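Structure record follows, encoded as structure tokens.
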Amino acid sequence: MKKPALHWQIFIGLCLGLVLGVLSRMFGFEDMVTGPLAVIGTVFLRALKMIIVPLIIASIVSSVAGIGSGSRFGKLGFKTIVYYISTSLLAILTGLMLVNLIKPGSGADLGLQQEAVNLPVDIDKIGDVLISIIPTNPIASMAQGDVLSVIFFSLLFGFFITRTSDGCRSRMTQLFQDFFDVMMRITRFIILFAPLGICSLIADVTAESGLSVFLPLGRYMLTVVLGLGFHAVVTLPLLLMVIGRVRPTALVRAVSGALMTAFSTASSAATLPLTMESVRKNAGVSKEVSGFVLPLGATVNMDGTALYECVAAMFIAQAYGIELSFFQQFIVVLTALLASIGAAAIPMAGMVMIAIILKAVGLPLEGLGLILAVDRVLDMMRTSINVWSDSCGSVIIARSEGEKIF
Ligand code: ASP
């Protein structure tokens, strides 16, 4: 019998995980699922994380060196940034509109005395965060997994390869191409275990959080889900069709494995290896474009996170009965954009960054306590949208460079 395609295997893994999680809660064997069985998911996640830094270096350096001319690099960079910022803004505006229409926080009885969350970021230091993109020691950044700093250094390194003498340029480009090939082979090997890993991750989350936590926050979740759905099904496909002239359904099929992995891991960074493989192999985007657009996108282009930040901040304002002026809402939009760019591509990063918005418009930080309970499931959804937007971006940009897709 023929083995089903990988995305089907992943889908089956996801469903089995869900069933296992629900059954474990019904029959009281959660400890088994969140204990010994969860190890499989942890091993899979660790393997994915293991390849993030070398994969980013190999793909960015080889792609930027392969792009060749400085002007082509500049044009590609410009298009990429314009795509990232405009789609994130569209996502935020969708969220803002919905949260003003549905008003999920008005009259919500959420027990506002909940405890403040311990915030791991020092929100007064956002300027320092931006400066720290320039690493003082690139090797230390690689060791610590400071992805933005690694990207910055890799971009420079790749660019200056193109400025060296012919011999050096071709040797270095070849070296990094080969390095990239090896990394992609490791990636493909790890991906083979995705169905199992995802089954375990989903079973773990389901066994840990029952459905009861969702009830008081139903309208808030609905607002986020509607916004994410609209962005994923209307806004991005429209851009794909109008600018990219590509059928959205074909791309969904091509990257479905990556989308499900994003959903299960809640990490764009951990999903990056799969996104790169799917966009290149199934959609036919060139190595140069995917190698440049995707690692950058996984780190800074987070449409789902941007939308979520805006809805969550507005929800907290409504729950406290605080009316935000037009200007304050404008600040929410702007800071949501910055927060989504600054958020790390790991689980819960977006949740922590909401503190920046709350601080900017003077809302109580304790408000974060309100939405913590349902963050995980929303994180899974927004991460899928983040990855979907990156995939659409790579295709749109590849098409604008005259590439043939599919
Ligand atoms: N988990 C998201 C991601 O990796 C970031 C977030 O928390 O919003 O894309």
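The values are calculated or read from the model by the stated rules, or taken from the named source; none is laboratory data. None of the values given here were measured: they were computed from a predicted structure. Because the Cβ atoms are built from the backbone with ideal geometry, glycine has one as well, and the counts that use them run over all protein chains shown. Quick note on the areas: whole protein, heavy atoms, side chains included, nothing else; ligands and nucleic acids left out. Shrake-Rupley method; radii C 1.70, N 1.55, O 1.52, S 1.80 Å.
In the range 64-88, the qualifying residues are those that are touching a residue at least 12 places away in the same chain (Cβ under 8 Å) and within 19 Å of the chain's Cα centre (by Cα), and the one that is most open to solvent (accessible area, probe 1.4 Å) is I85. Of the residues R376, R399, the single one that is within 13 Å of the ligand (Cβ to nearest atom), charged (D, E, K, R) and in a helix (DSSP H, G or I) is R376. F263 meets each of the listed conditions (1) buried (at least 24 other Cβ atoms within 10 Å of the Cβ); (2) within 12 Å of the ligand (Cβ to nearest atom); (3) on the phi < 0 side of the Ramachandran plot apart from (1).
Between V293, V311, V285, V333, the distinction of being more than 16 Å from the ligand (Cβ to nearest atom), β-branched (V, I, T), assigned to a helix (DSSP H, G or I) and in contact (Cβ under 8 Å) with a residue 24 or more places away in the chain belongs to V333 only.
Rundown of residues vs (1) at pLDDT below 90; (2) not in a helix (DSSP H, G or I), yes/no style:
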site	(1), (2)
K2	yes, yes
S24	no, no
V61	no, no
G66	yes, no
R72	yes, no
K79	no, no
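Tell me, which residue of the range 352-373 that is closer than 19 Å to E208 by Cα and within 13 Å of the ligand (Cβ to nearest atom) is least open to solvent (accessible area, probe 1.4 Å)? Among them, the one singled out is I371.
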